[in-house]
Amino acid sequence: MLQSLKNRLVRLMVGRYGIDQLYYAGLFLALGIMLVNISVQSSILMGISYAVLVVNIVRSFSRNIVKRRKENDAFLKFWNPIRKETKFFFRRVREFRTARYKTCPHCKKRLKLPVKRGKNTVNCPNCHESFEARTFL
Ligand SMILES: [Zn+2]
């Protein structure tokens, strides 16, 4: 019974796009709007959250795989830098006791430096130029 239901679902999804990162983003967005809407109680917000869910479902059942993939690529192009910077921010917080991150002004490479308070001369291992780095805290 459960097996045949699974088979039917698999057959239904053949040739269709399915789930991608944009799908999850839409899901979280819709859930976020719904959470906010618990206190706001706006029918417009409710409509938006349902619209996002409907778009998600339509996209996952779409047979135009090339177009859906392009949409997801556009989303990732916008999202990946945000994700990367957020991850970097938490890494800085986590390593605050032991390390500081500075960007080399010559080659723009991010360097992980041990904590040395005051003014220090840093020799970049990437481009071998040196620069002044200040650490106050
Ligand atoms: Zn450098």
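The values are calculated or read from the model by the stated rules, or taken from the named source; none is laboratory data. These numbers come from a predicted model, not from an experiment. Virtual Cβ from ideal backbone geometry, glycine too; neighbours counted across all protein chains shown.
For the reader, a short list of remarks on this structure follows.
- Top-ranked residue of the stretch 79-132 - restricted to ones that are aliphatic (A, V, I, L, M) and within 12 Å of the ligand (Cβ to nearest atom), ranked as surrounded by the fewest Cβ atoms within 10 Å (Cβ to Cβ): 122
- Residue check, residue 72 of a type in the set (S, T, N, Q), surrounded by 12 or more Cβ atoms within 10 Å (Cβ to Cβ) and within 16 Å of the ligand (Cβ to nearest atom): no
- Screening residue 28 against (1) surrounded by 12 or more Cβ atoms within 10 Å (Cβ to Cβ); (2) assigned to a helix (DSSP H, G or I) leaves a single unmet condition, (1).
- Evaluation of residue 117 against (1) of a type in the set (Lys, Arg); (2) in contact with a Gly (Cβ under 8 Å, 6 or more places away or on another chain); (3) at pLDDT below 95 (one fails), failing number: (2)
- Pairs with Cβ under 8 Å, 6+ apart, first in the stretch 115-137 and without any contact (Cβ under 8 Å) to a residue 60 or more places away in the chain, second of a type in the set (Lys, Arg) and within 16 Å of the ligand (Cβ to nearest atom): 115/100; 122/102; 124/109; 126/109; 127/109; 133/100; 133/102; 135/100
- Residues in the stretch 43-53 include at least one that is surrounded by 13 or more Cβ atoms within 10 Å (Cβ to Cβ) and either within 15 Å of the ligand (Cβ to nearest atom) or among the β-branched types (Val, Ile, Thr) (or both).
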